[in-house]
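The values are calculated or read from the model by the stated rules, or taken from the named source; none is laboratory data. What you see is a predicted model, and the numbers here were worked out from it, not measured in a lab. Using ideal geometry, Cβ is built from the backbone for each residue, glycine included, and neighbour counts are taken over all protein chains shown.
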Amino acid sequence: MQLNSLIVETRVRTAWSAIDLGFAVGKLFWLRGVLLYLCVAAPVFLLTRFVTDIGSVLPYLILWWCKPLFERPILFFLSRELFSEPMGFTRTLRNFRLWLMPGLAWILTVRRLSVTRAMYAPITLLERPNSSQYSQRASVLGGKYASEATWLTVVMYHVESFFYLALLVLLVIFFPDQFKVSFAWFNELSGNNTYVDIVYLIIMAVIAPFYTAAGFMLYISRRIELEGWDIEICFRDWMVDYRANMAQGQGVVSKQTQREGANV
Amino acid sequence: MKLDTVALVETPEGTDLHAEVVGLVPRALAYTLDFLIRMGIIIVLGIVFSFLGKAGEGLYLILFFVLEWWYPVYFEVFRGGQTWGKKSFKIKVVNDDLTPISFGPSLTRNLLRAADFFPAMYVCGCISVLTTSRFQRLGDLAAGTIVIYEEEERYVSHSLDQVSAVAPSYPLTEEQQSAFINFALNRGRMSRDRQTEIAEIIRPRLPLNATDAAKYARGVGKWLLGAR
């Protein structure tokens with residue numbers, strides 16, 4: 001892990017500020033994040049279409065339950081790009097062995113219902129601890145930021161629903177003749193209408209890079225604080241400059257002595 | 001240039017001012033808190049004015065209007081850019097040159113809430129905050145304002161009681177000073193081994209008699225915090 005190659009500013013942050021930084025990171029890698037998300041989510045979406053009965057609530061439940069799985073490629077991709085390692089879209093997909101299976105059973109079972117999952121997902125994916133190590137790591141890393149990580153999940157859940165609601169309102173505004181707000185319409189919307197469900201899937205994908213990146217930045221900024229990355233980077237840069245100056249200084253001195261030698 | 005959430009402003013005098021801008025999550029929560037406070041007041045007022053008949057109804061509607069549109073303006077102009085919600089999250093509104101917000105910009109940004117609200121539940125404002133580099137909603141863009149974190153006093157110096165202050169023997173840059181200070185405060189509770197590991201990096205710059213690098217670095221940090 002080369003700390004110097006981090007693309008984000010390393011300093012001690014509050015949890016809110018870490019979340020904000022996560023949104024900046026999410027924006028930077030947004031498009032590739034959305035596509036990665038869809039690469040995993042779309043097959044699952046199709047499966048739920050074909051396997052379960054129409055009209056059942058099960059497809060939605062499965063999609064929602066698998067959200068941590070869909071976020072994994074984004075997290076893997078971010079974890080490499082954050083240290084300036086060019087990962088990109090295709091290479092992330094090609095490296096699916098590194099992010100698809102490790103710890104998957106955990107994050108889709110006991111760790112699924114955690115409201116702070118965005119912050120803890122990097123522990124499972126990147127550190128791959130066994131279960132006792134995990135709870136230790138989670139309490140060391142997460143304890144302090146648990147409340148903010150919870151609010152992150154709450155807010156992003158609402159943002160997702162609001163985007164959906166806003167699209168419905170837009171439809172009604174722009175096509176008032178075709179769409180009338182009524183209970184019948186809402187029933188139709190919630191009754192496994194494929195187009196509606198695809199729109200909802202896309203909204204999920206649009207939000208996911210921000211949510212994943214914010215959770216990841218909570219994790220990273222806690223590690224910066226716990227392990228003194230900011231100090232280490234500053235000291236290392238300083239020593240690089242210092243050695244360069246020393247070398248230059250010696251060069252000057254030796255040239256001077258040579259010249260003096262020549263004068264003599 | 002590393003990615004950060006800081007707004008930099010260069011003044012005519014040539015000094016750089018910077019402040020951390022506030023992103024979507026804390027802003028949404030501060031807004032929600034303000035909203036709940038306003039709703040609370042409106043419900044209480046509704047109960048009180050319901051006893052006053054038609055006149056009460058009229059007065060109630062006027063008060064509702066005032067509260068809905070002027071509550072943020074009042075707080076931003078007269079209470080240092082902070083509504084109650086913003087205050088509880090330690091954030092405030094300022095002009096984008098970091099000067100205190102005045103009446104005009106405050107009115108602009110709050111009247112444009114309507115644009116941010118479109119088409120429902122502040123979705124346009126949300127998209128704007130997510131996509132602009134200084135996390136501004138549409139009202140902020142129009143009024144030239146940003147929302148920043150209040151400067152916080154983050155030092156707890158009693159953790160340094162056992163450290164004796166050491167004056168550094170050479171000038172330090174601003175980054176190096178804050179690195180020493182952060183080292184001394186040890187906010188992340190680094191283990192002794194990790195502290196030594198980091199402090200040993202600057203071994204070439206340590207005085208020859210400093211055998212314990214970590215102790216020396218902590219001492220410099222304490223000195224930089226003002227202890228002598």
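Odds and ends about this structure:
- Matching residues in region B:108-133 - criterion: being more than 10 Å from chain A (Cβ to nearest Cβ) and outside any helix (DSSP H, G or I): B:L112
- Taking region B:91-107 as the range and being among the hydrophobic types (A, V, I, L, M, F, W, C) and part of a loop (DSSP other than H, G, I, E, B) as the test, the residues that pass are B:L98, B:I101.
- Of all the listed residues (A:L226, A:L170), the sole one being surrounded by fewer than 16 Cβ atoms within 10 Å (Cβ to Cβ) and of a type outside the set (F, W, Y) is A:L170.
- Whichever residue in region A:143-162 is among the hydrophobic types (A, V, I, L, M, F, W, C) and at pLDDT 95 or above and, among such residues, is surrounded by the fewest Cβ atoms within 10 Å (Cβ to Cβ): A:V154
- Helices (runs of 4 or more DSSP H) contained entirely in region A:59-131, each with at least 3 residues that are buried (at least 17 other Cβ atoms within 10 Å of the Cβ) and at pLDDT 90 or above: A:67-81, A:117-122
- Unmet criterion (only one of (1) in contact (Cβ under 8 Å) with a residue 24 or more places away in the chain; (2) of a type in the set (F, W, Y); (3) farther than 20 Å from B:D4 by Cβ) for A:F175: (1)
- Answer from A:A42, A:A15 - the residue that is buried (at least 18 other Cβ atoms within 10 Å of the Cβ) and hydrophobic (A, V, I, L, M, F, W, C): A:A15
- Flag for B:F75 being surrounded by 14 or more Cβ atoms within 10 Å (Cβ to Cβ), hydrophobic (A, V, I, L, M, F, W, C) and either at positive phi or in a helix (DSSP H, G or I) (or both): yes
- From the list A:F174, A:F179, A:F162, A:F186, the lone residue that is farther than 30 Å from A:M217 by Cβ, of a type in the set (F, W, Y) and within 10 Å of chain B (Cβ to nearest Cβ) is A:F174.
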